[in-house]
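The structure appears below as structure tokens.
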Amino acid sequence: MLNVPTLSRRNTAATRRRRAERFERFRRSGQTIAQFCAAEGISEPSFYVWNQTLIRAAESPAPPPPPSFRFA
């Protein structure tokens, strides 16, 4: 049995990275969205939703750092 790590829906950093990589492949492909989606096996509506999600994430400010606690 192969020990393949699974990606859960909760691993948002990995999901964003995969989606960003997919959109970079699209940009370099020279294909239409329909052609690219067919080749990648994804639906066009998913493509557009993921694109908007990535755009919003890029536009939103970075979250503040977690508070640091000092114990005496």
Of the residues in segment 29-51, those that are under 17 Å from the mean Cα position of the chain (by Cα) and surrounded by fewer than 10 Cβ atoms within 10 Å (Cβ to Cβ) come to GLY41, PRO45
Can you run down the residue pairs with Cβ atoms below 9 Å, 6 or more apart or on separate chains, where the first is in segment 23-50 and farther than 22 Å from THR12 by Cα and the partner is surrounded by 12 or more Cβ atoms within 10 Å (Cβ to Cβ) and of a type in the set (Phe, Trp, Tyr)?
SER29/PHE36; ILE33/PHE26; ILE33/PHE47; ILE33/TYR48; PHE36/PHE26; PHE36/PHE47
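What are the residues in segment 4-49 that are of a type in the set (Lys, Arg) and modelled with pLDDT of 85 or more, if any?
At the first step, the residues of segment 4-49 found to be of a type in the set (Lys, Arg) are 9-10, 16-19, 22, 25, 27-28.
Answer for segment 4-49, where residues must be of a type in the set (Lys, Arg) and modelled with pLDDT of 85 or more: ARG17, ARG18, ARG19, ARG22, ARG25, ARG27, ARG28.
The values are calculated or read from the model by the stated rules, or taken from the named source; none is laboratory data. Just so we're clear, the structure is a prediction, and the values are computed from it rather than from any experiment. Methodologically, a virtual Cβ is constructed for each residue, glycine included, from the backbone with ideal geometry; neighbour enumeration extends over all protein chains shown.
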